[in-house]
Amino acid sequence: MFGHYGRNKALKQYFERAVRVYQESQFLQYMEQLKNINSEAAQYVTDAGIERWARAYSPRKRYKLMSTNIAEAMNNAIKECKELPITGVIDYIRVVIQSWFHDRRTAALKLTTQLTTAVDVAIGVKDEKARYMWIYPITFYTFLVKDENLDGNVDLTARTLERNVQ
């Protein structure tokens, strides 16, 4: 992104800050600064889909919390029990952490491969698409690949696809 919009340190700085903040209010402040510096760049990153790169709008949550900072995560998890006596708080913390580890362990035991579920699904989709391709060897590392949408030469050493015009 920055190569296309010049080497502006402030632009890069505000974009990186917008990426990392968890609160929407802070995110909006940094995006406003981005717009002031270069409105075209701000529009470009917005069009790319804010939920894809900004933590404040991320649909995914770690341990059902929006922070990778363990102190923030624990504070968020034990909000309700802060009025309890210290032994109650410690017992509650033990239960929360134990449930986190149990959930992770259970999810890991359900895996049938060493890959995560998301990667396994992505590979399955690609595998399904590959079942309908016809592959003809040209040389040891070059192949002609055809399916209903594709007709081209694949070079494995150069990692390229040269489409054939039909």
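Do we have ASN75 as touching a residue at least 12 places away in the same chain (Cβ under 8 Å) and either in contact with a helix residue (DSSP H, G or I) (Cβ under 6 Å, 6 or more places away or on another chain) or surrounded by 11 or more Cβ atoms within 10 Å (Cβ to Cβ) (or both) here?
So ASN75 does not fit the description; no.
Being surrounded by 10 or more Cβ atoms within 10 Å (Cβ to Cβ), among the polar types (S, T, N, Q) and either under 30 Å from THR112 (Cα atoms) or within 29 Å of the chain's Cα centre (by Cα) (or both) is the filter here; which residues of segment 124-166 pass it?
Selection gives THR160 alone.
Taking the criterion of being closer than 30 Å to LEU28 by Cβ, modelled with pLDDT under 90 and either assigned to a loop (DSSP other than H, G, I, E, B) or among the hydroxyl-bearing types (Ser, Thr, Tyr) (or both), would at least one residue in segment 79-95 satisfy it?
yes
Can you report the number of residues in segment 100-120 which are surrounded by fewer than 11 Cβ atoms within 10 Å (Cβ to Cβ) and farther than 30 Å from ASN76 by Cα?
Of the residues in segment 100-120, 3 are surrounded by fewer than 11 Cβ atoms within 10 Å (Cβ to Cβ) and farther than 30 Å from ASN76 by Cα.
Do any residues in segment 155-166 that are closer than 16 Å to TYR141 by Cα have Cβ atoms under 6 Å from those of residues that are of a type in the set (Phe, Trp, Tyr), where the two are at least six apart or on different chains, and which pairs are they?
Pairs found: LEU156/TYR141; THR157/TYR141.
So which residues in segment 112-166 are acidic (Asp, Glu) and assigned to a loop (DSSP other than H, G, I, E, B), if there are any at all?
ASP147, GLU148 - these are the residues of segment 112-166 that are acidic (Asp, Glu) and assigned to a loop (DSSP other than H, G, I, E, B).
Of the residues TYR63, TYR30, only one is surrounded by 15 or more Cβ atoms within 10 Å (Cβ to Cβ) and modelled with pLDDT of 85 or more; which?
Step by step, each of TYR63, TYR30 is checked, and only TYR30 is surrounded by 15 or more Cβ atoms within 10 Å (Cβ to Cβ) and modelled with pLDDT of 85 or more.
Which of (1) under 30 Å from VAL19 (Cα atoms); (2) part of a loop (DSSP other than H, G, I, E, B); (3) not β-branched (Val, Ile, Thr) is the odd one out, the single condition ARG104 does not satisfy?
It fails just one condition, (2).
The values are calculated or read from the model by the stated rules, or taken from the named source; none is laboratory data. In this text, all values refer to a predicted model and were calculated from it rather than measured experimentally. Here Cβ is always computed from backbone atoms with ideal geometry, including for glycine, and neighbour counts include all displayed protein chains.
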